[in-house]
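Scroll down for the structure; my scribbles are underneath it.
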Amino acid sequence: MSVEIQTPSGEVKTTHPAADLPPAVEEADSTLPFLQWPAVGSLFLWMIVPLGMTIYFSFIRYNLMNPELTGFAKADNFKYLWEDPAFFPAILNTVILLGSVLVITVVVGVLLAVLYDHRFFGRNVATLLVIAPFFVMPTVSALVWKNMILHPVYGLIALALHSVGLPAIDWFGDHPMFSVILIVSWEWMPFAFLILFTSIKSLDLEQQEAASIDGATGMQMFFRITLPHLSRAIGVVVMIETIFLLSIFAEIYTTTSGGPGTATTNLAYLVYSLGLQQFDIGIASAGGLLAVILANVVAFFLVRLLSNNLKAAR
Amino acid sequence: MSSHSFWYASSPTISKPLANVEDSRLKTWLIGIAGWLIALIVFFPIFWIAITAFKTEQGAYSPDLIFKPTLESFREVFARSNYKAYLLNSIYVSLGSTLLCFLIAIPAAYRMAFFPTPKTAGTLVWMMSTKMMPAVGVLLPVYLLFRTAGLLDSVWGLIFIYTLLNLPIAVWMTFTYFCEVPGAILEAARVDGASLMGELRDVLAPMSLPGISSTALLLIILSWNEAFWSINLTSAKAAPLTVFIASYSSPEGLFWAKLSAASLLAVAPIMVMGWLSQKQLVSGLTFGAVK
């Protein structure tokens with residue numbers, strides 16, 4: 001007997017657990033379903049209760065500062081959200097942040113994985129240095145970049161620019177979104193690299209050698225062998241990063257608080273500010289629901305894209 | 001096999017002379033230099049934290065690499081800011097959630113690996129899919145539920161959240177480790193009359209412990225660094241280090257030496273753990289989709 005596991009990316013794997021043995025211990029049999037119950041039950045509640053409440057809240061009048069305001073709100077919460085001057089910037093910022101970080105981390109990750117696929121002196125140590133930023137807590141990353149590197153007067157970049165006679169740049173004042181993208185990319189590039197580097201190591205060496213003997217150039221090998229081999233891993237990276245990047249919060253909270261104006265307010269920060277600063281649970285929940293829908297749309301398209309890619313590769 | 005014809009068609013000479021030895025040596029050098037250069041650039045901010053942590057507050061603003069190291073900032077962080085309370089919260093929350101996670105995950109994985117039903121695969125996929133929920137989508141209900149239950153700003157509250165967040169990873173990883181245990185060994189134990197607990201303790205635990213303990217490292221790292229829920233659900237009493245560091249976003253953050261000292265202490269141990277659990281990180285976060 002075997003179990004077929006379908007991974008999120010659509011691949012079906014067959015594992016061979018030790019399922020062939022007879023359930024010799026009688027009492028074990030009757031307790032078996034219970035073993036799974038706590039895990040399934042708690043995750044079921046985790047999935048259904050908060051989401052159900054978000055949907056419910058988004059259709060009622062619910063403001064913590066104004067308890068008298070109650071009742072069914074129809075689509076009003078969505079209407080207010082829509083009319084909120086921060087709404088469109090927030091959607092746009094979410095998409096820009098997500099898109100830029102995805103492109104940067106995947107492109108740099110792929111190039112670095114290819115580079116590190118070659119042997120060189122001290123490669124293992126260098127690998128540790130490259131993946132290190134992923135283990136730095138987001139609030140530390142954000143503050144170190146903001147205060148020590150990008151600071152317009154004392155920051156290292158300002159000092160470097162000054163020493164060659166160039167004017168300093170107020171990164172968080174003039175290019176706030178760029179600065180946030182820079183920090184978040186620095187945090188997530190190591191993740192992309194680690195996944196892609198792991199994947200590239202399983203590349204068939206013989207195939208590469210054969211191609212090389214046949215006179216294939218580096219470019220040809222990259223586009224014809226390496227990239228197709230990595231496509232699955234890239235898909236996985238994109239999917240996982242998307243889920244996390246839709247909720248990017250700590251970096252914005254500690255650096256810009258969504259500003260200046262709404263320049264770095266993303267959906268996550270908007271929901272926080274509507275719900276936990278202005279205490280309008282109804283409108284904030286409408287925003288939260290939107291984030292869930294956005295995540296599902298992205299996940300749906302990515303899964304389809306990925307499975308199409310897989311079919312084409314075969 | 002169209003790719004093959006492509007290679008042949010585009011290759012001018014099939015019997016290409018072997019690459020010059022000098023050439024390949026130069027190439028190795030160039031690759032090494034590029035690889036190290038990038039590694040140093042990527043690592044630089046962390047290196048800079050470590051350097052600045054040992055400077056005086058006055059010296060912290062100058063980019064000097066040569067200075068007299070001092071532990072002054074560390075002393076001040078400990079003396080002035082109740083650092084120990086935050087540190088303890090981080091330790092409680094990450095260890096507590098990891099323990100609770102395995103308490104729930106190991107029985108489930110045992111059941112799934114050794115007594116699978118037709119539904120097992122579907123259950124696993126469903127568990128993973130719970131991670132597809134963006135945190136911001138459920139922020140308000142969780143906040144309000146916690147407020148009602150008195151779990152706001154409590155260590156237990158964060159432990160519950162992190163347990164739920166990490167549970168799919170724990171079940172999946174434990175399941176894969178259990179699947180690697182040969183069935184014949186379990187059968188032999190059973191024939192010898194081992195009870196369920198005996199089987200778990202004497203056979204399964206020793207065989208899967210290496211894998212499970214490095215998975216534990218991964219879960220500890222994820223909980224330690226989690227900042228969305230900790231910022232939103234805790235303020236003073238139960239705040240872990242992520243929240244403490246966030247408090248430096250006020251003008252106090254301009255005390256670079258102290259910020260660096262506090263950061264270095266918060267980051268260094270976890271980074272070592274991260275380096276040790278690289279493999280688990282890949283398979284745990286991708287649910288085995290990338291090997």
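You will find that of B:VAL282, B:VAL290, the residue that is assigned to a helix (DSSP H, G or I), without any contact (Cβ under 8 Å) to a residue 60 or more places away in the chain and not acidic (Asp, Glu) is B:VAL282 and no other.
Taken over segment A:118-148, residues that are within 7 Å of chain B (Cβ to nearest Cβ) and farther than 22 Å from B:TRP36 by Cα amount to 8. Test B:MET173 against the stated conditions and say whether it is at the interface with chain A (Cβ under 7 Å from one of its Cβ atoms) and of a type outside the set (Val, Ile, Thr). No. Residues of segment B:213-255 being touching a residue at least 12 places away in the same chain (Cβ under 8 Å), more than 20 Å from the chain's Cα centre (by Cα), more than 7 Å from chain A (Cβ to nearest Cβ) and over 13 Å from B:LEU165 (Cβ atoms), which ones? Those that are touching a residue at least 12 places away in the same chain (Cβ under 8 Å), more than 20 Å from the chain's Cα centre (by Cα), more than 7 Å from chain A (Cβ to nearest Cβ) and over 13 Å from B:LEU165 (Cβ atoms): B:THR234, B:SER235, B:ALA236, B:LYS237, B:ALA238, B:PHE255. Taken over segment B:180-197, residues that are on the phi < 0 side of the Ramachandran plot, not in a helix (DSSP H, G or I) and not hydrophobic (A, V, I, L, M, F, W, C) amount to 4. Scanning segment B:117-143 for residues that are over 14 Å from B:TRP172 (Cα atoms) and at the interface with chain A (Cβ under 7 Å from one of its Cβ atoms) yields a total of 12. Number of residues in segment B:110-148 that are touching a residue at least 60 places away in the same chain (Cβ under 8 Å) and either surrounded by fewer than 21 Cβ atoms within 10 Å (Cβ to Cβ) or not small (Gly, Ala, Ser) (or both) equals 9.
Any residue at all in segment A:154-169 that is in the same structural domain as A:GLU251 (by TED's automatic domain parsing) and closer than 29 Å to B:LEU222 by Cβ?
No, that holds for no residue.
Just one of the numbered conditions (1) facing another protein chain (nearest Cβ under 9 Å); (2) more than 16 Å from the chain's Cα centre (by Cα); (3) surrounded by fewer than 23 Cβ atoms within 10 Å (Cβ to Cβ) is not true of A:GLN277: (1). As a summary of the residue check, B:ALA60 satisfies the conditions (1) touching a helix residue (DSSP H, G or I) at 6+ places or on another chain (Cβ under 6 Å); (2) modelled with pLDDT of 80 or more; (3) closer than 30 Å to A:ILE131 by Cα; (4) within 11 Å of another protein chain (Cβ to nearest Cβ) except for the one numbered (2). For segment A:192-210, the candidate set comprises residues that are closer than 21 Å to A:VAL107 by Cα and exposed (fewer than 13 other Cβ atoms within 10 Å of the Cβ); within that set, the residue that is farthest from the other protein chains (Cβ to nearest Cβ) is A:LYS201. Scan segment B:266-280 for residues that are of a type in the set (A, V, I, L, M) and within 7 Å of another protein chain (Cβ to nearest Cβ) and the total you get is 4.
Determine, yes or no, whether A:PRO89 is at pLDDT 85 or above, assigned to a loop (DSSP other than H, G, I, E, B) and either touching a strand residue (DSSP E or B) at 6+ places or on another chain (Cβ under 7 Å) or not polar (S, T, N, Q) (or both). Spell out the reasoning first.
Working: at pLDDT 85 or above: yes; assigned to a loop (DSSP other than H, G, I, E, B): no; either touching a strand residue (DSSP E or B) at 6+ places or on another chain (Cβ under 7 Å) or not polar (S, T, N, Q) (or both): yes.
No: the conditions fail for A:PRO89.
Pick out the one residue from B:SER213, B:SER235 that is in a helix (DSSP H, G or I), within 30 Å of A:VAL136 (Cβ to Cβ) and polar (S, T, N, Q).
B:SER213
Here is a list: A:GLY235, A:GLY287, A:GLY258, A:GLY282. Which entry is surrounded by 20 or more Cβ atoms within 10 Å (Cβ to Cβ), more than 10 Å from chain B (Cβ to nearest Cβ) and either modelled with pLDDT of 85 or more or in contact with a helix residue (DSSP H, G or I) (Cβ under 8 Å, 6 or more places away or on another chain) (or both)?
From the options A:GLY235, A:GLY287, A:GLY258, A:GLY282, the qualifying one is A:GLY258.
Conditions tested, residue by residue: (1) under 17 Å from the mean Cα position of the chain (by Cα); (2) small (Gly, Ala, Ser); (3) on the phi > 0 side of the Ramachandran plot.
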residue	(1), (2), (3)
A:ALA168	no, yes, no
A:TRP171	no, no, no
A:HIS175	no, no, no
A:PHE178	no, no, no
A:VAL184	yes, no, no
A:ILE195	yes, no, no
A:SER199	no, yes, no
A:LEU205	no, no, no
A:GLN208	no, no, no
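Please count how many residues of segment B:195-212 are closer than 20 Å to B:LYS279 by Cβ and touching a residue at least 40 places away in the same chain (Cβ under 8 Å). Count: 2. All conditions in (1) within 14 Å of A:VAL101 (Cβ to Cβ); (2) surrounded by 23 or more Cβ atoms within 10 Å (Cβ to Cβ); (3) at the interface with chain B (Cβ under 8 Å from one of its Cβ atoms) hold for A:ILE183, with the sole exception of (3). Checking A:THR94, A:THR105 one by one, the residue that is within 30 Å of B:LYS27 (Cβ to Cβ), among the hydroxyl-bearing types (Ser, Thr, Tyr) and within 26 Å of the chain's Cα centre (by Cα) is A:THR105 and no other. So is A:ILE213 more than 9 Å from every other protein chain (Cβ to nearest Cβ) and either within 24 Å of the chain's Cα centre (by Cα) or modelled with pLDDT under 85 (or both) or not? The answer is no for A:ILE213. Looking at segment A:111-128, is at least one residue of a type in the set (Lys, Arg), within 30 Å of B:LEU265 (Cα to Cα) and not in a loop (DSSP other than H, G, I, E, B)? Yes: one or more hits.
Outside any helix (DSSP H, G or I) and either in contact with a Gly (Cβ under 8 Å, 6 or more places away or on another chain) or closer than 15 Å to B:GLU226 by Cβ (or both): does that describe B:LEU165?
no
Does segment B:154-161 contain any residue that is within 29 Å of B:GLU226 (Cβ to Cβ) and of a type in the set (S, T, N, Q)? Checked against the condition, which is being within 29 Å of B:GLU226 (Cβ to Cβ) and of a type in the set (S, T, N, Q), segment B:154-161 yields at least one hit.
The values are calculated or read from the model by the stated rules, or taken from the named source; none is laboratory data. Keep in mind that this is a model prediction, so the values were computed, not measured. Note that we place each Cβ from the backbone using ideal geometry, even for glycine, and neighbour counts take in every protein chain shown.
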